[in-house]
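Note sheet for the following structure.
The values are calculated or read from the model by the stated rules, or taken from the named source; none is laboratory data. Bear in mind that the values here come from a model prediction, so they are computed numbers and not experimental data. When we count neighbours, we look across all protein chains shown, and the Cβ atoms used for this are built from the backbone with ideal geometry, even at glycine.
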Amino acid sequence: EPEVTQTPSHQVTQMGQEVILRCVPISNHLYFYWYRQILGQKVEFLVSFYNNEISEKSEIFDDQFSVERPDGSNFTLKIRSTKLEDSAMYFCASSEGTYYPYEQYFGPGTRLTVT
Amino acid sequence: GENVEQHPSTLSVQEGDSAVIKCTYSDSASNYFPWYKQELGKRPQLIIDIRSNVGEKKDQRIAVTLNKTAKHFSLHITETQPEDSAVYFCGLLRGYGNKLVFGAGTILRVKS
């Protein structure tokens, strides 16, 4: 069964550094998402992406964040200047449909640790 | 805005008993309600979902009920097993949007 994949599984970075988290969504899916989960808390929506542009973003997704689909398979989340509070598990997700609520399938996550 | 309250925050049951987790929401435009199971250190996995035109859906030991009038939906697990122990999150989608809003999660412990 196809799955969403993410790399790296764990990223350690120093405050102020840029990080890029990578995701490969399920191949026939059209919608892509990033969520984050701070340790012990609920999963929070960051951004959704469709047709090569952001379709919705949360208050968390400020100017320090950006997303890109650089080719036909990868979907990336960039944090330009990391802060301590960016430490969290970042999940990529994808879904098949557009106008009908379709199931979202999550990747295994990237644990980001900012020191 | 979208908000979903989930209860209880922790639930301990004896193996073989049933477990029920409930979520309430405020936005009547919500039309899709998934439940995810997350084991420690792993990804959230979709276990069952329900759309607003359906009142109940069942998949083996798992069922979800939706009461649109009262704006709540519940996850029912029957004949619980130790491997059901995990954190369960309810979620919702509003209208044609695709932003999943999650509840705070329920830690389910099944004691053998």
For this session: Would you check which residues across the range B:8-28 are surrounded by fewer than 13 Cβ atoms within 10 Å (Cβ to Cβ) and within 14 Å of chain A (Cβ to nearest Cβ) and list them?
Result: B:S9, B:T10
Seminar exercise, completed: Of the candidates B:T65, B:T80, B:T106, B:T69, the one satisfying the condition of being crowded, with 22+ Cβ neighbours inside 10 Å, among the polar types (S, T, N, Q) and either on the phi > 0 side of the Ramachandran plot or more than 11 Å from chain A (Cβ to nearest Cβ) (or both) is B:T80
Problem set entry | Identity of the residue in the range B:85-103, over 13 Å from the mean Cα position of the chain (by Cα) and more than 14 Å from B:D27 (Cβ to Cβ), that ends up farthest from the other protein chains (Cβ to nearest Cβ) | B:S85
Exercise. Looking only at residues in the range A:23-42 that are without any contact (Cβ under 8 Å) to a residue 60 or more places away in the chain and within 18 Å of A:T113 (Cα to Cα), which one is farthest from the chain's Cα centre (by Cα)?
Worked result: A:G40
Seminar exercise, completed: Among residues of the range A:51-69 being among the aliphatic types (A, V, I, L, M) and in contact (Cβ under 8 Å) with a residue 24 or more places away in the chain, the residue surrounded by the fewest Cβ atoms within 10 Å (Cβ to Cβ) is A:I60
For this session: For the range A:24-42, enumerate the residues that are part of a strand (DSSP E or B) and within 23 Å of A:Q14 (Cα to Cα).
Result: A:W34, A:Y35, A:R36, A:Q37
Exercise. Does A:V12 qualify as being at pLDDT 95 or above, of a type in the set (A, V, I, L, M) and touching a Cys at 6+ places or on another chain (Cβ under 9 Å)?
Worked result: no
Exercise. Only one residue in B:L46, B:L93, B:L66, B:L108 is assigned to a strand (DSSP E or B) and under 18 Å from B:S9 (Cβ atoms). Which one?
Worked result: B:L108
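For (1) over 19 Å from A:S94 (Cα atoms); (2) at pLDDT below 95, each residue gets a yes or a no:
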| residue | (1), (2) |
| --- | --- |
| B:P8 | yes, no |
| B:S12 | yes, no |
| B:D27 | yes, yes |
| B:Y32 | no, yes |
| B:G41 | yes, yes |
| B:G55 | yes, yes |
Exercise. Here are some residues: B:V20, B:V13. Which one is touching a residue at least 12 places away in the same chain (Cβ under 8 Å), hydrophobic (A, V, I, L, M, F, W, C), part of a strand (DSSP E or B) and more than 20 Å from B:F102 (Cβ to Cβ)?
Worked result: B:V13
